[in-house]
Amino acid sequence: MSFSTQPKKGNMFTTSFFTGTVAQASKNMETKVHGGGGGGFTYKGTGASSNVKITSTTVVHDELFLIAEDGSERAFQLQDINIACREGNRVTVVTAQNGSKTQYVGVINHSTGNAHYNDKVLIKFFVSTVTLVLCFAVLFGGLILIMTIIAPIAAGVFIYWINKGIKEEMRQYKDAVRQKLTAA
């Protein structure tokens, strides 16, 4: 089953589903640590040093093996969805496709009633490159041309307005996915 979506500020994409019973599930986490800065100097007993900045990011990896009602089996390697499921749960994996780009955007566990979406991936389908260029053009063009406090405020309001609309569209999309699965 699939359906197409045309976001107001993005490009048309197709949503597809694969529903099955979990035969096996595993989870692991990968933490990446990044650091930089530091250093300094001393001269005749005085000196200075700069702060060291360390950050970390954690990526959740889920691996699911699902068996559909027709007996076909598929394996899924998911990132940053963080679904809780176990053997025997009925689960749907949601994918979005735009041209040749297909990505996992969500997982619905029908047994527990939980739905998890990767909004960092999903938002890419709701925002076109043109929208991003317009946002930056308004922000930087306004700063360069006007050089007053009005341009940054106008750009901030514009970006807030676009972000608010995108989040509402993403909420409606998630509701549509739930409705399509309920009707099936």
Q: For an R0 of 45 angstrom, estimate the FRET efficiency from the Cβ-Cβ distance between ALA176 and ALA48 and round to the nearest 0.05.
A: 0.20
Q) Tell me, what HN-Hα J-couplings in whole Hz come from the Karplus equation 6.51 cos²θ - 1.76 cosθ + 1.60 at θ = phi - 60° for each residue of the stretch 113-120, using x for Gly and Pro? A) x, 9, 10, 10, 10, 9, 5, 5
Q | Taking N as its residue count, the alpha carbon Rg of the stretch 1-118 over 2.2 N^0.38 Å | A | 1.63
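With the cut-off at 20 Å, tell me which of the pairs LYS32/LYS120; LYS27/LYS180; LYS27/LYS101; LYS53/LYS167; LYS120/LYS167; LYS101/LYS180 have Cα atoms farther apart than that. Numbers along the way, then the final one.
Numbers: LYS32/LYS120 18 Å; LYS27/LYS180 28 Å; LYS27/LYS101 25 Å; LYS53/LYS167 32 Å; LYS120/LYS167 12 Å; LYS101/LYS180 22 Å.
Long pairs (Cα-Cα over 20 Å): LYS27/LYS180; LYS27/LYS101; LYS53/LYS167; LYS101/LYS180.
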Q) With a 10 Å Cβ neighbour count serving as the proxy for reagent exposure, in which order, fewest first, do TYR160, TYR104 appear? A) TYR160, TYR104
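In the neighborhood of ASN82, defined by Cβ-to-Cβ distances under 13 Å, what is the net charge if each Lys or Arg adds +1 and each Asp or Glu adds -1?
Working: positive: LYS27, LYS120; negative: GLU30, ASP62, GLU63, ASP80, ASP119.
Neighbour charge sum, excluding ASN82 itself: -3.
None of the figures in this text is laboratory data; all of them are computed from the coordinates on show. Since this is a predicted model, take the numbers as computed values, not measurements. When we count neighbours, we look across all protein chains shown, and the Cβ atoms used for this are built from the backbone with ideal geometry, even at glycine.
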